[in-house]
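A short worksheet on the structure shown next.
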Amino acid sequence: MNAALNLPILTEDVAQAIRRGDLDEVARLSPLLGCLVVFIHDQSLRDWQAPLIESLPHHAATFDLVDLRNLLVHLGYVTHESRATPGRPPEPRLLPALFVGDGGELLLLRQRNGDRFRWFDGNARAEGEGILPCSGRLFVFDQTQALAGAPERSGEPWFTRLTGRFGGLFLHLMAMTFWLNVTTIAVPIFIMAVYDQVIGIRALTSLPWLVGGIAFVLVLELCLRMLRAWTLGTLAGRVDYLLSTGTFRQLLHLSPVMTERSPLAAQLGKIRQFDNLRDFFAGGALVSLIELPALPIFFATLAWLGGWLAIIPVVAGACYALVAWLCIGRIRRGLRAAAVARTQREQMLMETFAGLRELKALSAEPLWRERFAAATAEQAEATRVTVMDQALLNGITNLVTALAAVAMLGFGTLAVLAGNLSVGALIASMTLMWRVQAPLQGLFVAAFRFDAISAAIRDVNQLMTLPVERRGRKSMLLAQEIKGHLSFDRVSFRYGADADPALLGVSFQVPARGFVAITGSNGAGKSTLLKLVNAMYPIASGTVAIDGIDTRQFDVADLRRLVSYVPQQPSLFRGTIAQNLRLRHPLATDDDLRRACFRAGILKAIEALPEGFRTQVGDHCTVRLPVSLIRGICIARALVVDSPILLLDEPASGLDNDGDEALMLALQAIKGHATILMVTHRPSHVRLADRVVVIERGMLKAVQTPDEYFAPKQPAVRREG
């Protein structure tokens, strides 16, 4: 690829230029993105800035054609590649299209008049016109909401639709494998010809022709093998990409109630099963499968060369099938036991790293070390049994293969001595038999992984059929101005069908721009109540309404843009502080970020950092920051957008005195400008509220003013009988 199409860029610099509306700077940083912006303007797309910034490669140092095509998918377009030459220019119906010349030319072809085109030159960052300057690749845009490929058919499993998109590629693989096997047959025929026609009758004049012919066949075989390897790699890479992104997108769009209560190790174990599918497409199992149709050709050739000796590999194949039938149950049970033991050990590792301080405080290292040793021993034993079984299985296959070779040689020798077979035919039959044995042995070894592969396919299809949160591109409900009046009407919720209700019949009102503090004992359902407002959990019964509109009528993305939410456990994601703050509003300017941090009381603390807003957080970097600053960044992230509703779940948790004072000032500044619903136990925060909602055991106990909440409780007067 020409270097002009792969220039080093900083994603944040491109995003800043888009926020400023400096499109010439975007084109200077990346000619490809410059062409894309011109295309967007020609299509009169609206509100494209935020989706474009969200789709930029987060940590990539360059932006190339692959990134551009992936970005277009997020914007609702797919691209189809073809060749274009000055003699065969693209038809007007294909325009607009992106032309990448063989010499590095980068043109967005916009209109065609005769043989002349009107274009935007990405390298020169200027408009122009003329005939197509050279040959090159043409990328035609196709507006669609789905990836390119076969149309989805209702009722068809997701993984079947995914693999169905590569039907043409599978046909190419089958054709290549067929011709590859045809060239393989030439080798034993060459051996037979040399022994019988050259050595047997001393006809040396034909030897150069035979050697030249077999050399050509071997070179052709090498080329076919390289082409098949490239095709298999392409297939494995595309399946891996689509499988990973498709399942990840599905996981992101699932309701949190379906994922957050499942152990992390169990979720990772499920996702790790999908690696079996990638290994299937990248490994030898797929090659063995696509070589099966060629086995009849091998058997027919072997019967032509050696007569009844062709029965020997058939018997060997039957032995493979018999051994597999006898051992497959034991091997599969061993593989499942090893997978369970590995998952339990990984779960214990995660628990250790998450609670290392508590273990040290309890001086429980020796006990925990013994438990980990026991879990490791269980995994080691399961692995040992599996390895031994597989080694035994490989030994049996090698034995069957060797016995087949001995039988072929023994019976073939008798046939040669009886005059029914030539020496050349015997050696050719031996060579061809090894070739027949290879796919049979490969299938035999891979058969024990088919159970894991079928389980992974079943899990993928099951995952992709789970109901996701309702999301759309637009919502008509946002046409009216939202003031922020909240109403809860007999709201109930439970985490599972057999679980006790977390909330039961809760009803109260929060006026627009009101401030309500929610308090109660631990586990009373306070945090659950907040999560129902922004659709983190589905409402079992009752109604949560915003300005009289049931929240279930909102598009989820629109609803969460209306509601700013600060969770109880703050989380920072890999990237800079600025990138974390812009997660909620990608178009936020630097001034917007500074204003939000000032309102959260952390602006001075961020500016005191060596890198300021460009400080890296996430991964291991977050632990270097004070807890109060992490909490403040999460609060500022919610304040980047002036949402009509603000939800705060224990916002003072982990804050020091300075952080709590800054939070108090921020709450006082926001009060009266947004509807605030805050879960808290701190009396100072409760006194800021207009009303106090007391929740106990999932039920509404009282709605009071702060003065009533803090009023001394009168002891019950006991009457003497």
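Work out which GluC sites (Glu not before Pro) in the chain are exposed loop sites (DSSP not H, G, I, E or B, at most 16 other Cβ within 10 Å) and give the longest gap free of them.
Numbers: sites that count: GLU152, GLU260, GLU481, GLU611, GLU720.
Result for the longest clean stretch: 261-480.
Amide H to amide H under 5 Å from ALA97: which residues, 5+ apart in sequence or cross-chain, H placed 1.01 Å off N in plane?
LEU109
Restricting to Cα pairs below 8 Å that are 6+ residues apart, what does the relative contact order work out to for segment 476-710? Please round to a whole percent. Could the numbers behind the result be given before it?
On the way: 451 pairs, mean separation 68.7, N = 235.
Result for segment 476-710 is 29 percent.
Tell me, what ³J(HN,Hα) does each residue in segment 91-102 have, in order and in whole Hz, if you take phi through Karplus 6.51 cos²θ - 1.76 cosθ + 1.60 with θ = phi - 60° and put x for Gly and Pro?
Each residue's phi maps through the Karplus curve to give 5, x, 5, 8, 7, x, 8, 9, 10, 10, x, 5 Hz.
Using the Cβ atoms and a cut-off under 14 Å, what net charge is assigned to the surroundings of GLU25, where Lys and Arg are +1 and Asp and Glu are -1? List each step's numbers first, then the result.
Working: positive: ARG19, ARG20, ARG28, ARG125; negative: GLU12, ASP13, ASP22, ASP24.
With Lys, Arg at +1 and Asp, Glu at -1, the neighbours total 0.
Over the Cα atoms of the chain, what Rg and Dmax result, in angstrom?
34.5, 132
Contour minus end-to-end for LEU207 and THR383, with contour as 0.36 nm per residue of separation and end-to-end as the Cα-Cα distance? The partial results should precede the final answer.
Details: separation 176, 0.36 × 176 = 63.36 nm, distance 5.42 nm.
Extending this stretch completely gives an extra 57.9 nm.
Where does each of ILE199, ILE18 land when they are ranked from fewest to most other beta-carbon atoms within 10 angstrom?
Working: ILE199 14, ILE18 22.
The fewest-first ordering by Cβ neighbours comes to ILE199, ILE18.
What is the distance, in nm, between label points placed 7 Å from the Cα along the Cα-to-Cβ direction at THR352 and at ASP47?
Taking the two extended label points, one gets 4.9 nm.
Hey, what did segment 3-143 get for relative contact order, percent, Cα under 8 Å, at least 6 apart? Before the final figure, lay out the partial values.
Details: 238 pairs, mean separation 35.9, N = 141.
Reported as a whole number, the value is 25 percent.
Ratio to report: Rg/Rh of segment 476-710, with Cα atoms as the point set and Rh obtained by the Kirkwood method; give two decimals.
Values: Rg = 17.7 Å, Rh = 18.3 Å.
Taking Rh as the inverse mean 1/r over Cα pairs, Rg/Rh reads 0.97.
For the chain, build the charge dipole from Cβ charges (+1 Lys, Arg; -1 Asp, Glu) around the Cα centre, then report which of LEU486, VAL563, ALA374 sits farthest towards its positive end.
Of the options given, the answer is ALA374.
Quick one: compute the contact order of the chain, relative version, from alpha carbon pairs under 8 angstrom and 6+ residues apart, as a percent.
Values: 961 pairs, mean separation 77.8, N = 721.
Answer for the chain is 11 percent.
So what's the angle, to the nearest 10 degrees on a 0 to 90 scale, between helix 65-74 and the longest Cα principal axis of the chain?
Tilt of helix 65-74: around 50 degrees.
Just rank MET226, MET430, MET258, fewest to most, by other beta-carbon atoms within 10 angstrom.
Values: MET226 10, MET430 18, MET258 14.
By the 10 Å Cβ count, ascending: MET226, MET258, MET430.
Amide H of GLY575 versus every other amide H placed in the peptide plane: which residues, excluding those fewer than 5 positions away on the same chain, fall under 5 Å?
Distant-sequence amide H within range of GLY575: VAL617.
Quick check for me: using +1 on Lys/Arg Cβ and -1 on Asp/Glu Cβ, what's the dipole size of the chain about its Cα centre, in debye to the nearest 20?
Details: 73 positive and 65 negative charges, 212 e Å.
Its charge dipole is roughly 1020 debye.
What do you get for the angle between helix 657-670 and the principal long axis of the chain? Use alpha-carbon atoms, 0 to 90 degrees, nearest ten.
Compared with the principal axis, the helix lies near 80 degrees.
Using only the Cα atoms of segment 3-143, build the gyration tensor, take square roots of its eigenvalues as a ≥ b ≥ c, and label the shape rounded, prolate or oblate: rounded if a/c is under 1.5, else prolate if a/b is larger than b/c, else oblate.
Details: a/c = 1.75, a/b = 1.60, b/c = 1.09.
Judged from the Cα gyration tensor, segment 3-143 comes out prolate (a/c at least 1.5, a/b above b/c).
FYI, it's all coordinate maths here, none of it is from the lab. In this text the structure is predicted, and so the values were computed from the model without any measurement. Virtual Cβ from ideal backbone geometry, glycine too; neighbours counted across all protein chains shown.
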